[in-house]
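The values are calculated or read from the model by the stated rules, or taken from the named source; none is laboratory data. A quick note: this is a predicted structure, and the numbers were derived from the prediction, not measured. Don't worry about glycine lacking a Cβ; one is built from the backbone with ideal geometry, like all the others, and counts go over all protein chains shown. For accessibility, only protein heavy atoms count, side chains too; no ligands or nucleic acids. Shrake-Rupley method; radii C 1.70, N 1.55, O 1.52, S 1.80 Å.
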Amino acid sequence: GGSGITSDENGRASVRLASSITGSSFLAVTAGIDQGIFDKHQVDLKVVKIKSTAEATAALASGDADIAAALTEGVIAANANGAKLKIVGNLMTQDQHILYADAGVKSVADLKGKKFGVVGPGSGTEMLAKALAVEEGLKETDLVYVPTGAASTQLTSLVSGQIDAAGLVPPYDSTAAERGKVEVLRYRDVFPDITPQVFTTTSSLISAHSPELKRFMAAYTESAAWVKAHPSEAVAILQKDARISAEAAKAAYEFAEPDYSTTGEVSIAGLRRWIEMSKKYGNTDKRLPTVDELYDPSLLPGSP
Amino acid sequence: MTTTERLPPLAPPRRTAGGPGWWQRRRGLWAPVVTVAIILVIWEALGRAGAWDPLFFARPTEIWSGFLHLTDGPLWSDLAVSGQEFALGMLIALGVGVPVGMALGSIRWLYQSFDPIINALYSTPILVLTPLLVVWFGLGIGSKIANVAIMAIFPVIINMIEGVRTTDPALLRAARSFGAGRLALYKDVTFPAVTPFFITAVRLAIGKGMIAVVVGEYIAATEGIGYRIRSDAEAFNTGRYLAGVMIMVVISVLIMSAVKMAEKRLTAWRPSISE
Amino acid sequence: MTTTERLPPLAPPRRTAGGPGWWQRRRGLWAPVVTVAIILVIWEALGRAGAWDPLFFARPTEIWSGFLHLTDGPLWSDLAVSGQEFALGMLIALGVGVPVGMALGSIRWLYQSFDPIINALYSTPILVLTPLLVVWFGLGIGSKIANVAIMAIFPVIINMIEGVRTTDPALLRAARSFGAGRLALYKDVTFPAVTPFFITAVRLAIGKGMIAVVVGEYIAATEGIGYRIRSDAEAFNTGRYLAGVMIMVVISVLIMSAVKMAEKRLTAWRPSISE
Amino acid sequence: MGRATTPPAIEVSDVTFSYGETTIIDRISFQVEEGEFLSLIGPSGCGKSTLLAMMDGVLKPDSGTVLVEGRTPSTGEGSRATVFQGFALMPWKTVLDNVALGLRYKRPDLSRTERADIAMEYLEKVGLASSARRYPRHLSGGMQQRVGLARAFAVQPRLLLMDEPFGALDAQNAEVLRDEVQALVEQEGRSIILVTHNLDEALQLSSRVLLMSAGPSTIRDDVRVELPSRDSPHYAARYDEYRTRLWSHLRDEVETTRARERNAA
Amino acid sequence: MGRATTPPAIEVSDVTFSYGETTIIDRISFQVEEGEFLSLIGPSGCGKSTLLAMMDGVLKPDSGTVLVEGRTPSTGEGSRATVFQGFALMPWKTVLDNVALGLRYKRPDLSRTERADIAMEYLEKVGLASSARRYPRHLSGGMQQRVGLARAFAVQPRLLLMDEPFGALDAQNAEVLRDEVQALVEQEGRSIILVTHNLDEALQLSSRVLLMSAGPSTIRDDVRVELPSRDSPHYAARYDEYRTRLWSHLRDEVETTRARERNAA
Ligand SMILES: Nc1ncnc2c1ncn2[C@@H]1O[C@H](COP(=O)(O)OP(=O)(O)OP(=O)(O)O)[C@@H](O)[C@H]1O
Ligand SMILES: Nc1ncnc2c1ncn2[C@@H]1O[C@H](COP(=O)(O)OP(=O)(O)OP(=O)(O)O)[C@@H](O)[C@H]1O
Ligand SMILES: [Mg+2]
Ligand SMILES: [Mg+2]
């Protein structure tokens, strides 16, 4: 285990961020490091890429990380099972998934009885898919939900015909398009303001290291603003970080650009929606946290 | 002749005076039970003493109630699905691995040509090849069977190679001298000589196969015990997901005990483990 | 005496007339090279013929250019990091696994008490326990070393148990008769007798350890070859990610060759693989 | 050779054999006629077992030829059986199954029970019927040797190769089994090669004794044993004559080897 | 027993031993004095090797006691060495290292080279100096047996247990090695137990012959061999007397066993 956030005599804090988020959704962090924005805020940021929210939670619990970038639904589930995690801000304001399906599919209704790829049983992608089905006039059980594992395997499964539809995130959508798959809809048009990825940490870390974490959040929001303001530089950073082609990076950036969170503020309605979906479609019989229990905006820039 | 007039001993003589005690004789049966019981008690006590965060790990009693929960659900059909994947995968692993290993171990040019390839394939992390598995074997039962077979076949091949190479040449020579053909040689000499290696291979393969079922069902599944474990893990239902893991573990221990019983019959000729 | 007057043979006689040819003698060296070359050619040809979607799999030439790409990046420091994880994990696996396996194989009550536990642990999918690994060993090198050690230790223990049980009792008896103490008995009899099993164990452990490095770096990492493979795989940089996999594979084949050379020296007393 | 007779049971012509660089057997030639009982004697390590292995087709000479009934012997073919010096019993087979081993390959026409019956019959001959169901590791050294003998006898071979087959047996058991061997040889057309270190055994059993020299070995002496009947007054004298001759040659050879060893050391 | 003399080299009192349900040795008692050379003879499978293993502390009697120099023997202790019937050479050790094996445990005070020197000396005695660097599998049967002898001789034991140690040797090599054994016994306080199936060997070497009956074995005969010098005119007659006596007893025993076998079958 680690020893929490350490500060040197000049007040520079070393902050360890555990992240299961990559690619364009994580661009504001990558760019902020690249542009020295975290440095400017006296934050020595160290990023560790991890597998999933479970490991993020474990890393926070064991003191191996000071803050984590994780999936919203994962933080909700962890809290339901007794973890004392707080959402302290978001990375993106809206969900990034685009529903792709075989050519000819025009709407979700056309997918009735078809195989819909999700990351895992009870995962956020499955909850969203179920909600989507209901939202678009089907019954929850009208789709066959096939867990395929990692997002990249969803693309593989879709392209090789193992599944009929999947919610993809850029840059995978362009590959799917190249292989003749078609865009059916964007999740953010159906579920506006649902925050997909959040920063989370424990209450004890918040009370012990509020100034440092605040500086971190300030740096992040500033980075997000920088990303929005400097398209070509941001694309270059994304291209290098995600090891993708210039075109793919550009397309991914353009898709994500409106949703970079320049305030870090989480939509209360969106969060409530997540909790609701977790109750309805998630795999838990535990009491789910309320928005107040979950969300702590005190670290956001401008809050007292 | 005096020998025939000798009095018989009054009682059947035994190795040690009084003979081995009750515990000695039944130790094979009870020792593991006692060990497991002790471990469970320590485990439970540590948990109650707060040795870990209940979010990530659970006490035996919590796991037990998780198990009761699981039995409410489609546990049996999950086990049936996973069992089928496991059985078919193992069948392939043993059916292909044993002859391949024996051939590689006994034919020099095959060994020289393919041993590095076997090593290469064995050390390829199957995890990074999951996209390929999906493309080749689909998301259905095929990819899980392939997963089990691929994970389980290498311990089999590698153990069989080494076993064949260890066979006593004097026995091979004797059998050939008495007219054993190539097949008879395998059947009467190589295979029995390899039995200890084969048993090890089977044990290793079973463990690997079990894990492969879970991993395979992580990739793509709609039912099966691995699928259930995963969905509980994602929801931080620690008691329940550990119960799922324990079910797998108990099943594989049971299968291995069956293998050990089979081993006893196959290797009655071997001296048993020394005191 | 007539014997001393016998003429020496004119030329040193050889097993077969003319002796083994150039190829025969160097086959051990060249056979795998030829096999690999043939496989590469077929692989490339199939790829060019469009046998698979280039999104998921690559031809050797594509992998080669992916490799060149990788060498531009931090390949060496990645390998250094992963190598350290691997080496330390293997050290633990062998350092703990060998004595534990030998003890379990030679002491009956230990065997009876712990064999099922070993089986149970062995068939526990480590994948489902990764959060625990993070809690116990952190996000740094610790959790990866633990991962390697846990994955590699079981083949070692299980092979050593079986090897010890196969040791010829007549040899044990002879050594004890000549005064060998418990330690000397292990050193002079059990361990050499177990060597074939040990070699198998090492081979299995190396393969597992390699995979464990990749898997471990999937769990949490900032660098390392597994981390690099992962990020290329997720970006569908197929040539590059397969190059990463190939690097791992080639390294483990090299390590295994080193092990085999060590084996040859350790087991000079064994007849070599038969024709 | 061109004559239309049956070929000799064994024909060894100009045979050389080495293990690696060490020449073991150096241009040996001899012939064994059908029905002959040949004893091979020679100092320990001179190459007797090696020569036997060549007759059995297990080893191939480096140069020269070994023919059995006119053909190059190959393992498994022909009507041969061997009693091995190290017994070579299968530890995983019961005593009965070990004895039935040769029958399984040589007499596939028989049913399993028929083979077991024959095996049992030969186990009785070697006095081990009551151990039929045990495994070799439960037997004493001499008992294991007798199992090896029974296994070879059971196939009723035309050529019987025996490598020190009575070495681990008490005098009486050896006696009984020598009688079995005699009975076998008296049948039409059976040939026997016996490797032994016991001069008396060689003289009493065989019709010819071949004495091999210390390695690289050649044939030092070739004695055709023609003894009058045991009751004859000349028996003892003739016997002693043969014995003394072989003994002195053998002593020479052993001394040569030991002298060579002393020089090497 | 209460007297203040040195304890007997071996004291076997009322010893019984079984493998599972089968009683092998049935209430045997005898004593071997220091300096005595005892031969054990008996039909194959009667329990000679088993008895030897008890003297070596490897097996424990089911009832009764075996004492060596007044104490219960345990493996590794005391000044004993055994020549095993099956040689029991370590296949992974060179011939030299095999011979040095006993020295490593019994003479840890010596350096590695000192031990190798001693081992080499004994290898020379058995005529195998030039094979020192080879592995056992490269040796013939007789050569392996000689390595086993050298290994036992090398520790210069006060009690030497030998299980058919010359069985695989040619007559001359056996002769030479018997002389070695004689030389050993002539040293102060050495005792030797020799299991053999060769009556002549027993009579010529030992001061006492114990004849074991067929299993479950008891002691059938106990002969103190007191022969006049070889040149004496009485030598042959006395020798024959002993030989005939032992021979007839042994024949009885073997016949008993074989008869029992026939009934069992
Ligand atoms: N491990 C064992 N398990 C069961 N029975 C055994 C075992 N070892 C030996 N026996 C039996 O014990 C008896 C005595 O064996 P032992 O080896 O002592 O005989 P021996 O007198 O040395 O015979 P030989 O002269 O043939 O070497 C034999 O009948 C044998 O079958
Ligand atoms: N596999 C082998 N590799 C190298 N040398 C060997 C091998 N087998 C036997 N030899 C050597 O060949 C020689 C002859 O061995 P062989 O077994 O034929 O002797 P033998 O006459 O049967 O002796 P013995 O009477 O002691 O059984 C010996 O000097 C031995 O060292
Ligand atoms: Mg021989
Ligand atoms: Mg014996």
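C:Leu183 - would you say it is open to solvent by 10 Å² or more (accessible area, probe 1.4 Å) and touching a helix residue (DSSP H, G or I) at 6+ places or on another chain (Cβ under 7 Å)?
no
Which residue, of E:Asp117, E:Asp109, is outside the structural domain of E:Ser13 (by TED's automatic domain parsing) and assigned to a helix (DSSP H, G or I)?
Answer to the check: E:Asp117.
For the range A:37-65, give me each residue that is among the charged types (D, E, K, R) and within 11 Å of chain C (Cβ to nearest Cβ).
Residues satisfying the conditions are A:Lys46, A:Lys49, A:Lys51, A:Glu55, A:Asp64.
Condition test on C:Thr195, is it at the interface with chain B (Cβ under 7 Å from one of its Cβ atoms) and within 30 Å of E:Pro91 (Cα to Cα)?
no
Mind listing just one residue for me: the one in the range C:124-173 that is without any contact (Cβ under 8 Å) to a residue 60 or more places away in the chain and of a type in the set (S, T, N, Q) and, of those, farthest from the other protein chains (Cβ to nearest Cβ)?
Checked the range C:124-173; the qualifying residue farthest from the other protein chains (Cβ to nearest Cβ) is C:Thr167.
With the condition being of a type in the set (S, T, N, Q) and under 21 Å from D:Glu175 (Cα atoms), I'd like the helices (runs of 4 or more DSSP H) fully within the range E:150-265 carrying at least 2 qualifying residues.
Counting at least 2 such residues, we get E:235-264.
When only residues in the range D:73-84 that are at pLDDT 90 or above and more than 12 Å from D:Val58 (Cβ to Cβ) count, which is nearest to ligand 2 (Cβ to nearest atom)?
The extreme case among them is D:Val83.
Of all the residues that make up the range B:226-275, how many are charged (D, E, K, R) and either surrounded by fewer than 20 Cβ atoms within 10 Å (Cβ to Cβ) or more than 10 Å from chain A (Cβ to nearest Cβ) (or both)?
Summing the residues that are charged (D, E, K, R) and either surrounded by fewer than 20 Cβ atoms within 10 Å (Cβ to Cβ) or more than 10 Å from chain A (Cβ to nearest Cβ) (or both) in the range B:226-275 gives 6.
Mind checking which residues of the range E:82-106 are under 16 Å from E:Leu159 (Cβ atoms) and in a loop (DSSP other than H, G, I, E, B)?
E:Phe84
Per-residue answers, yes or no, for (1) among the basic types (Lys, Arg); (2) more than 16 Å from ligand 4 (Cβ to nearest atom); (3) in contact with a strand residue (DSSP E or B) (Cβ under 9 Å, 6 or more places away or on another chain):
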site	(1), (2), (3)
D:Ala154	no, yes, yes
D:Arg158	yes, yes, yes
D:Pro165	no, yes, yes
D:Ala171	no, no, yes
D:Arg178	yes, yes, no
D:Ile192	no, yes, yes
D:His197	no, yes, yes
D:Ala202	no, yes, yes
D:Ser207	no, yes, yes
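Can you tell me which residue is nearest to the chain's Cα centre (by Cα) among those in the range A:15-36 that are within 14 Å of chain C (Cβ to nearest Cβ) and not in a helix (DSSP H, G or I)?
Per the stated criteria, the residue is A:Ile21.
Just wondering, is there one or more residues in the range D:123-143 that are away from ligand 1 (no atom under 16 Å from the Cβ), within 30 Å of E:Arg251 (Cα to Cα), touching a helix residue (DSSP H, G or I) at 6+ places or on another chain (Cβ under 7 Å) and aliphatic (A, V, I, L, M)?
No: the range D:123-143 contains no residue that is away from ligand 1 (no atom under 16 Å from the Cβ), within 30 Å of E:Arg251 (Cα to Cα), touching a helix residue (DSSP H, G or I) at 6+ places or on another chain (Cβ under 7 Å) and aliphatic (A, V, I, L, M).
Can you find a residue in the range A:257-265 that is more than 14 Å from A:Thr93 (Cα to Cα) and not charged (D, E, K, R)?
Taking every residue of the range A:257-265 in turn, none turns out to be more than 14 Å from A:Thr93 (Cα to Cα) and not charged (D, E, K, R).
When you check A:Ala68 against the structure, is it open to solvent by less than 30 Å² (accessible area, probe 1.4 Å) and within 12 Å of chain C (Cβ to nearest Cβ), yes or no?
So A:Ala68 fits the description; yes.
So how many residues does the range E:127-160 have that are of a type in the set (A, V, I, L, M) and within 16 Å of ligand 3 (Cβ to nearest atom)?
Total satisfying the criteria: 4.
Go through the range D:2-54 and give me each residue that's more than 8 Å from ligand 2 (Cβ to nearest atom), within 24 Å of D:Val181 (Cβ to Cβ) and among the charged types (D, E, K, R).
D:Glu11, D:Glu33, D:Glu34, D:Glu36
Taking A:Ser107 as meeting all but one of (1) surrounded by fewer than 24 Cβ atoms within 10 Å (Cβ to Cβ); (2) under 23 Å from A:Ser278 (Cβ atoms); (3) not charged (D, E, K, R), write down the number of the exception.
(2)
Quick check on the range D:85-119: of everything there that is among the small types (Gly, Ala, Ser) and within 16 Å of ligand 3 (Cβ to nearest atom), which residue is modelled with the lowest pLDDT?
Checking each candidate, the answer is D:Gly86.
Does the range D:225-258 hold any residues that are crowded, with 17+ Cβ neighbours inside 10 Å, free of Cβ contacts under 8 Å to residues at least 40 places away in the same chain and among the β-branched types (Val, Ile, Thr), and which are they?
D:Val225
Residue-by-condition table, conditions (1) surrounded by fewer than 20 Cβ atoms within 10 Å (Cβ to Cβ); (2) within 16 Å of ligand 2 (Cβ to nearest atom):
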position: D:Asp109; (1), (2): yes, no
position: D:Leu159; (1), (2): no, no
position: D:Glu164; (1), (2): no, yes
position: D:Val185; (1), (2): yes, no
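Looking only at residues in the range A:141-191 that are at the interface with chain B (Cβ under 9 Å from one of its Cβ atoms) and part of a helix (DSSP H, G or I), which one is farthest from B:Leu127 (Cα to Cα)?
A:Val159
Let's see how each residue does on (1) more than 25 Å from the chain's Cα centre (by Cα); (2) among the charged types (D, E, K, R); (3) under 19 Å from C:Asp232 (Cα atoms):
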position	(1), (2), (3)
C:Ala49	yes, no, no
C:Asp53	yes, yes, yes
C:Phe56	yes, no, yes
C:Ile63	no, no, yes
C:Phe67	no, no, yes
C:Leu75	no, no, yes
C:Asp78	no, yes, yes
C:Val81	no, no, yes
C:Glu85	no, yes, no
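Regarding E:Glu201, is this residue among the acidic types (Asp, Glu) and either more than 14 Å from the chain's Cα centre (by Cα) or open to solvent by 20 Å² or more (accessible area, probe 1.4 Å) (or both)?
no
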